[in-house]
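No value in this document is a laboratory result; all are computed from the given coordinates. In this text, all values refer to a predicted model and were calculated from it rather than measured experimentally. Virtual Cβ from ideal backbone geometry, glycine too; neighbours counted across all protein chains shown.
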């Protein structure tokens with residue numbers, strides 16, 4: 001490694017980790033591309049320029065991850081510290097998920113992405129930090145949640161989306177739309193993807209599906225009376241993870257839960273007290289292979305019910 005390269009690595013690491021400068025600011029200050037900054041930070045970790053030490057108090061997180069995987073038969077778990085109440089938990093989990101997935105990406109890989117606030121944040125983080133374009137396949141209708149947000153100056157992703165709403169007006173229309181060649185093409189791509197990223201919805205008033213007007217409070221009361229504790233891809237299920245059938249289900253353009261169970265590398269991204277019961281039921285239903293959540297939620301999931 002030449003002296004210039006080594007100096008650049010040290011400067012980049014210093015600005016990023018000590019002075020808390022953003023990658024964009026560093027690229028402007030050093031006159032290099034943002035992607036170059038990312039690569040230099042990776043080299044700084046690889047060659048020992050920067051070294052991380054896990055404080056003993058954080059070893060509990062590693063233990064909880066091991067307990068999660070063992071109790072629920074998961075392939076893996078990634079537990080992040082629970083942020084302060086004023087912070088956005090979805091954003092914290094989404095950023096962690098993007099880092100986790102980013103380390104496992106390769107070129108020409110297809111990624112399935114579910115509907116919801118946290119998956120949307122994951123997608124935007126991934127499309128900002130990746131070195132090469134990622135190809136993302138939607139698992140549901142509802143185009144807006146798969147598009148770049150207003151903070152995404154860089155969106156390095158190619159999107160393959162259902163050209164349809166998430167919920168349509170009738171069972172007959174839903175069946176007819178599923179026969180459309182464009183929707184069938186997307187459905188076929190779902191099965192070619194290397195991993196699937198899904199959010200998990202709870203039954204609280206803050207649920208994304210209520211906030212965006214897909215369902216209303218009467219729908220939620222009706223589903224709760226039928227035993228619903230949460231949803232994945234807007235498919236609702238009970239405390240044991242068993243699907244709940246309703247007329248809403250008949251009008252959904254969404255990958256079915258039984259299909260999800262057959263997929264490999266399904267990554268659930270969710271956390272918070274209002275979602276703990278829904279996450280536990282999703283684990284019982286066998287819908288997840290990997291869980292990315294926060295420490296408080298993880299502790300509740302490994303404790304005795």
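Structural remarks
- Between the helical axis of 34-46 and the longest alpha-carbon principal axis of the chain there is an angle of about 70 degrees.
- If a spin label sat at a point 7 angstrom from the Cα of residue 173 along the line to its beta carbon, the backbone N atoms of segment 189-226 nearer than 16 Å would be those of 214-216.
- The calculated FRET efficiency for the pair residue 226 and residue 189, based on their C-beta separation and a Förster distance of 41 Å, comes to about 0.80.
- Computed E for residue 7/residue 132 - FRET, C-beta separation, R0 35 angstrom, nearest 0.05: 0.80
- Fraction of antiparallel bridges per DSSP, segment 56-302 only, in percent to nearest 5: 25
- Helix axis angle, 181-190 relative to the chain longest principal axis, alpha carbon, degrees: 60
- Computed E for residue 70/residue 32 - FRET, C-beta separation, R0 45 angstrom, nearest 0.05: 0.50
- Based on C-alpha pairs under 8 angstrom that are at least 6 apart in sequence, segment 56-302 has a relative contact order of 25 percent.
- In the list (i) 53; (ii) 46; (iii) 59, the label attached to percent of Cα pairs over 27 Å apart as derived from the coordinates here is (ii).
- Take every pair of alpha-carbon atoms less than 8 Å apart whose residues are at least six positions apart; their mean separation over the length of segment 3-46 yields a relative contact order of 42 percent.
- As a rough footprinting exposure proxy, the listed residues 37, 122, 302 were ranked by other beta carbons within 10 Å of their own, and the order from fewest upward is 302, 37, 122.
- Three-way shape label, segment 3-46, alpha-carbon gyration tensor, a/c 1.5: rounded
- Gaussian network model of the chain, springs between alpha carbon atoms under 10 Å - residue of 233, 40, 288 with greatest fluctuation: 40
- Each of 277, 206, 19, 65 has some number of other Cβ atoms within 10 Å of its Cβ, and from fewest to most they run 19, 206, 277, 65.
- Taking the C-alpha atoms only, the angle from helix 59-72 to the longest principal axis of the chain is near 30 degrees.
- Ranked list, fewest to most other Cβ atoms within 10 Å of each Cβ, for 168, 269: 168, 269
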